[in-house]
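Quick notes on the structure that follows.
The values are calculated or read from the model by the stated rules, or taken from the named source; none is laboratory data. Computed from a predicted model, the values in this text were never measured in an experiment. Here Cβ is always computed from backbone atoms with ideal geometry, including for glycine, and neighbour counts include all displayed protein chains. Calculation scope for accessible area: heavy atoms of the full protein, side chains included, ligands and nucleic acids excluded. Shrake-Rupley method; radii C 1.70, N 1.55, O 1.52, S 1.80 Å.
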Amino acid sequence: MDEDGYFGDAVAKSYDDDHGGGDPALIERTVKCLKGLTGTGSVLEFAVGTGRIALPLRASGVDVKGIELSKAMVAELRKKETGPPMDVTIGDMTSAQVPGQFSLVFLVFNTIDNLVTQEAQIACFKNAARHLDKGGRFLIETRVPPLQRIPFGETKMAFACSSDHFGVDDYDLVTQRYSSNHVWMKGDQHQHLSIPFRYVWPSELDLMAQLAGLELEYRWADWERSPFTHLSESHISVWRKSEG
Ligand SMILES: C[S@@+](CC[C@H](N)C(=O)[O-])C[C@H]1O[C@@H](n2cnc3c(N)ncnc32)[C@H](O)[C@@H]1O
């Protein structure tokens, strides 16, 4: 692994095509929901990546800044920019500081799981809270751990099996760590990627929020604010810093 973590040059260059999340309707719903939570303040995206969400959010008139570990991912964001460069701090979202206070900090696309210890996930909440105005919000979009789908005693679950992509997750139920293993095939070339993660339950996230001085305001199943139920496969949760 290099200084860009698991999102080095090769992954960054193919990220927008290979890693999903690029559906224009999904991006539109995401931007609309984030904008609705922002008010008149500025927004900070943790792990801004290639700007999949940050760039259209900014194009909609919101002042957006970012933190990102991988210079290679930010280089891809720069290629897509049309206006003045976005203020992106290269650093770790558990500790990097950005000048200013924000009405919304957000972390989407399951990226809380990229922090592979509970301590790092708590530090991420504390760093988000540090950047928030009074009454400001921290939003996370992430999946509900899909453990109900794994038969008792098994650890592996396939999530992709197509002519150009195989994917298998491998879970450790003791540590809550898992690895996501991909192989992409293009012509006679193939690219292999294995990324470590830590899954985290919604209730555990609520405790992390509490430790950071934040309180749950909303939990939805999707960007259209559908109710979260026992069948929801992912959630969008919003915690709020007190006004006091
Ligand atoms: C799944 S991508 C999401 C990118 C973007 N938010 C999006 O929605 O397309 C995960 C991103 O998290 C970044 N990342 C992983 N760990 C990080 C950390 N500790 N601090 C900052 N960024 C991190 C990776 O470099 C990568 O760009």
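A few remarks follow.
- Solvent-accessible area per residue in the chain equals 50 Å², computed with a 1.4 angstrom probe and all protein chains kept.
- The stretch 64-166 shape via C-alpha gyration tensor axes, a/c threshold 1.5: oblate
- Cβ-based net charge around GLN101, under 13 Å, with every Lys or Arg adding one and every Asp or Glu removing one: +3
- Diffusion coefficient (Stokes-Einstein, Kirkwood radius over C-alpha pairs, 25 °C, 0.890 mPa s) for the stretch 147-195: 208 µm²/s, rounded to a whole number.
- Furthest towards positive pole of dipole, ALA120, ALA212, PHE109, structure part the stretch 95-244, Cβ charges: ALA212
- Across the chain, counting alpha-carbon atoms alone, Rg and Dmax equal 17.7, 60 Å.
- Contact order relative to length of the chain, as percent, for alpha carbon pairs under 8 angstrom and 6 or more apart: 16 percent
- Members of LYS35/LYS65; LYS13/LYS71; LYS79/LYS186; LYS71/LYS126; LYS80/LYS126; LYS13/LYS35 lying beyond 19 Å, as alpha-carbon distances in this model show: LYS79/LYS186; LYS71/LYS126; LYS80/LYS126; LYS13/LYS35
- Accessible area (Å², 1.4 Å probe, nearest 10) - LEU214: 10 Å²
- The string of couplings for the stretch 205-212 from the Karplus curve (6.51, -1.76, 1.60, θ = phi - 60°) is 4, 4, 5, 4, 4, 4, 4, 8 Hz, one whole number per residue in order, with x for Gly and Pro.
- Mean projection area, nm², convex hull over Cα of the stretch 17-124: 6.9 nm²
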